[in-house]
1. Which residue, of Val41, Val32, Val19, Val60, is among the β-branched types (Val, Ile, Thr) and over 26 Å from the mean Cα position of the chain (by Cα)?
2. Could you say whether any residue in the stretch 150-169 is closer than 21 Å to Pro278 by Cβ, of a type in the set (D, E, K, R), in a loop (DSSP other than H, G, I, E, B) and over 15 Å from the mean Cα position of the chain (by Cα)?
3. What pairs come out if I take residues in the stretch 106-123 that are closer than 18 Å to Leu64 by Cβ and open to solvent by 10 Å² or more (accessible area, probe 1.4 Å) and pair them with residues that are in a strand (DSSP E or B) and at pLDDT 95 or above whose C-beta lies under 7 Å away, six or more apart or interchain?
4. For the stretch 184-291, which strands (runs of 3 or more DSSP E) that fit wholly inside it have 1 or more residues that are in contact (Cβ under 8 Å) with a residue 40 or more places away in the chain, in contact with an Asp or Glu (Cβ under 6 Å, 6 or more places away or on another chain) and open to solvent by less than 60 Å² (accessible area, probe 1.4 Å)?
5. Return yes or no: is Val178 among the β-branched types (Val, Ile, Thr), open to solvent by 20 Å² or more (accessible area, probe 1.4 Å) and either in contact with a Phe, Trp or Tyr (Cβ under 8 Å, 6 or more places away or on another chain) or in contact (Cβ under 8 Å) with a residue 60 or more places away in the chain (or both)?
6. Can you tell me how many residues in the stretch 39-74 are touching an Asp or Glu at 6+ places or on another chain (Cβ under 6 Å), modelled with pLDDT of 95 or more and within 20 Å of Cys365 (Cα to Cα)?
7. Check Ile415, Ile421 and return the single one that is in contact with a helix residue (DSSP H, G or I) (Cβ under 6 Å, 6 or more places away or on another chain) and at pLDDT below 95.
8. Any idea how many residues of the stretch 321-347 are β-branched (Val, Ile, Thr) and open to solvent by 40 Å² or more (accessible area, probe 1.4 Å)?
Amino acid sequence: MGMTMTQKILASHAGLESVRAGQLIEANLDIVMGNDITTAVAIKEFAKTGAKSVFDKEKVVIVLDHFTPNKDIKAAEQCKCSREFAHEKEIKNFFDVGQMGIEHALLPEKGIVSPGQIIIGADSHTCTYGALGAFSTGVGSTDMAIGMATGRAWFKVPAAIKFVLTGKPAPYVSGKDVILHIIGKIGVDGALYKSMEFVGDGLNYLSMDDRFTMANMAIEAGAKNGIFPADDRACEYAKEHGAKEPVRFEADPDAVYDEVITIDLSALRPTISYPHLPENTKTVDEAEKDHVVIDQVVIGSCTNGRLEDMKIAADILRGRQVNKNVRTIVIPATQQIYLDCIKLGYAEDIVRAGAVLSTPTCGPCLGGHMGILASKERCVSTTNRNFVGRMGAKDSEVYLASPAVAAASAIAGYITSPENI
């Protein structure tokens, strides 16, 4: 019986010729990652193991990104704890204020993750790195602690759903629209503990930034991971960013899938996820009929804070003004992306339009800082979750959308298509 991409990666790291869905295995890890929220908890559990050092100083990664620059004393203490641990254990890949970025944009940019690896991270959106043809998944802080100490982790091998993507997307239809459409189709538990494997000729029209966005939100369908083939585009990206030599894994022709779903990308429209679940989707055309007036727009996060996202937003905002009633917050995901925005003129376009350009941070995505919503306020956001109270007050509302829809809506003052701006 053949194996999927994910199953092949797991088998190779477990030293097994083959694995099957549901099998329990112990596998070697290439990267163990944590952030300022989860690392502080993991450090306490790490101490309980009795380990004096981490298993590999280059394979443990700590990124201070959620509440940094620190929003309050508690956040400062968490970061201090993480900082002291990183210095004591001589962790090479430690990213503090000034060097940090949003973790799931930073690790690929720095060449830390590459095709064929197994990566665990104490953050649910660690599945982002599947865009490079890696098996990456979120874990709890205890698993992170054991991973830091031993370089190994237990996994239950996931079954898989194959998504065959065909056709060329229309203008303003991006990876965010594709994944929101899929989540709307299968639901937030439609891929529960399964691997979402993306294949098909439609991949030719999806940039790496599109793929990162889609893999990032696999968790919003309940998936264990999302993964793309390590094709030439992915391998070129890895080499460009200095990652290790890519290792390619392809699914066997007789690999077993629980389901095969075909998506015609040419038939998709920009898609919005209404409160309070990512599966609650409508097309932009349906949303325009609802005339959803908004108070805030956030463009950024580990889902859509990359350079391509900044370009899309800047192209729409250029020469225009955001609505006077809409606070517009744009957050480049890394320091390098911030610099590129300045060099390419995107920063000026964004600021002149009346938006604010922020230091890299996860801040508003999880209701941490840099954009908290008051009672009954509405926000269009390029982030990944719109649960009750996700960005602030319990009776506020978050509408998930692409950077193009978010930028257009900031100008209009209500949810609209960029075609109408």
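1. After ruling out the rest, the residue left standing is Val19.
2. So far as the stretch 150-169 goes, no, none of its residues is closer than 21 Å to Pro278 by Cβ, of a type in the set (D, E, K, R), in a loop (DSSP other than H, G, I, E, B) and over 15 Å from the mean Cα position of the chain (by Cα).
3. Close Cβ pairs (under 7 Å, with a partner that is in a strand (DSSP E or B) and at pLDDT 95 or above) amount to Glu109/Thr334; Ile112/Ile31; Ile112/Val61; Ile112/Asn93; Asp123/Asn35; Asp123/Gly138.
4. Filter on the stretch 184-291 gives 225-227, 271-273.
5. Judged against the criteria, Val178 is not a match.
6. Residues that pass the stated criteria total 2.
7. Exactly one of Ile415, Ile421 is in contact with a helix residue (DSSP H, G or I) (Cβ under 6 Å, 6 or more places away or on another chain) and at pLDDT below 95, namely Ile421.
8. 1
The values are calculated or read from the model by the stated rules, or taken from the named source; none is laboratory data. Keep in mind that what you see is a predicted model, and the values were worked out from it rather than measured. Quick reminder, even Gly has a Cβ in these numbers, built from the backbone with ideal geometry, and neighbours come from all protein chains shown. The accessibility values were calculated without ligands, DNA or RNA, using every heavy atom of the protein model including side chains. Shrake-Rupley method; radii C 1.70, N 1.55, O 1.52, S 1.80 Å.
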